[in-house]
Structure formats: structure tokens, C-alpha cells
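One structure is given below, encoded as C-alpha cells.
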Amino acid sequence: VLCGIGATRTLAAALATCLAPGFRLYLRGDLGTGKTTLIREVLRALGHSGRVASPTYTLIEPYNLSRFDLHHFDFYRLTDPNAWRDAGFEESFDGRTVVVVEWPEHAGPTLPAPDLLLTLQAEPAGADDQRRVTARAQSDRGLACLNALRDAGFFDTVPSPGSDCASPSSPAANSRST
């Protein structure tokens with residue numbers, strides 16, 4: 001369970017170290033579970049200092065970073081599983097770009113498999129800023145990333161004493177936003 005923006009930043013920083021051209025990260029979760037916030041923090045960890053917009057209406061937000069290009073997609077509004085291809089987005093999946101996709105399930109089975117799938121859920125009994133994150137590796141690169149995230153204290157943690165929040169190795173990960 002991530003508690004607050006500090007925990008999200010810590011996870012994002014660890015996740016950013018995994019990213020390289022061709023990496024595919026997919027994010028699932030209901031509206032408001034923090035998918036775009038997590039990607040905003042990943043981009044910050046990668047050195048992006050500009051505005052980070054949700055691609056809900058534009059479908060894609062491209063970022064030219066120092067190490068690679070990152071294409072952030074939001075397929076929430078897709079009604080046809082082939083619409084992402086019809087829009088010409090298939091070239092982003094050519095192995096030269098880091099691809100992040102929110103709502104991948106809206107693209108249907110034609111979307112290439114992710115390296116890492118993260119699912120975010122609001123904690124029903126928790127505070128507004130608590131999110132449960134589960135991860136599933138679907139490639140060797142995804143498994144290497146998942147292992148790096150575990151080494152950073154995520155995905156095999158236990159709640160801190162007196163808290164429902166996991167305590168990754170960084171103290172900032174358990175901080176709450178105010």
C-alpha cells in the first residue's frame with residue numbers, strides 16, 4: 001500500500017531506473033487511482049521538468065528525455081480495439097521508445113504484451129491518499145524490473161507498526177502528503 005505522494009515518488013524513482021528503449025509499462029486501475037500521478041513522478045525522476053498532462057483527450061503525450069523518448073498513452077476513450085492502430089500509434093511500439101499505456105484493456109488483444117503491468121486500486125478502508133499497487137512481469141525485462149522494485153522494498157513489504165502502509169527501504173516512501 002502506497003501512502004501519499006512521497007511513497008508514489010519513491011516507487012516512481014525505482015521504476016524509472018528500469019526504463020530503457022522498448023520497455024512497455026501498462027497501468028490499470030479505476031479513474032482517480034493515481035495512474036497519471038505515478039507517470040508524472042516517473043517523468044520527474046527521469047529529469048523532465050516541464051508540464052505533464054494526462055493524455056485522456058489527446059490519447060498520447062510524447063516526451064523527449066535525455067536518455068530516450070517516452071510515449072504516454074491513455075486509451076480510456078477508445079471504443080474500438082483497433083483504434084490505437086488506426087491512429088498510427090503502432091510505430092511507438094517498435095522498440096525505440098519507452099511506452100506507457102493507461103487503460104490497455106481498451107485496446108484489446110492487438111496491443112503487444114507489456115514488460116510490466118501495474119494495477120492501482122484505492123484502499124477502501126484507507127485514507128484518500130492510500131493506493132494498493134500490484135505488479136506482474138510479462139517478459140524477462142519486466143521480471144528484471146520487478147526484481148529491482150523488490151530490491152527497493154516494494155511488492156514484498158509488510159505494513160509498518162501502527163500503519164496500514166508498507167515501508168519500502170526509503171523513509172520517504174511512507175510519508176503522507178499534507
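Look at the range 4-15: where a residue is open to solvent by 20 Å² or more (accessible area, probe 1.4 Å) and a partner is in a helix (DSSP H, G or I) and of a type in the set (Lys, Arg), sitting 6+ places away or on another chain with Cβ atoms under 8 Å, you get Arg9/Arg44. For the range 16-41, the candidate set comprises residues that are farther than 12 Å from Cys145 by Cβ and among the hydrophobic types (A, V, I, L, M, F, W, C); within that set, the residue that is surrounded by the fewest Cβ atoms within 10 Å (Cβ to Cβ) is Leu31.
The values are calculated or read from the model by the stated rules, or taken from the named source; none is laboratory data. Source: prediction; values computed, not measured. When we count neighbours, we look across all protein chains shown, and the Cβ atoms used for this are built from the backbone with ideal geometry, even at glycine. Ligands, DNA and RNA are stripped out before the accessible areas are found, and what is left, the full protein with its side chains, is counted by its heavy atoms. Shrake-Rupley method; radii C 1.70, N 1.55, O 1.52, S 1.80 Å.
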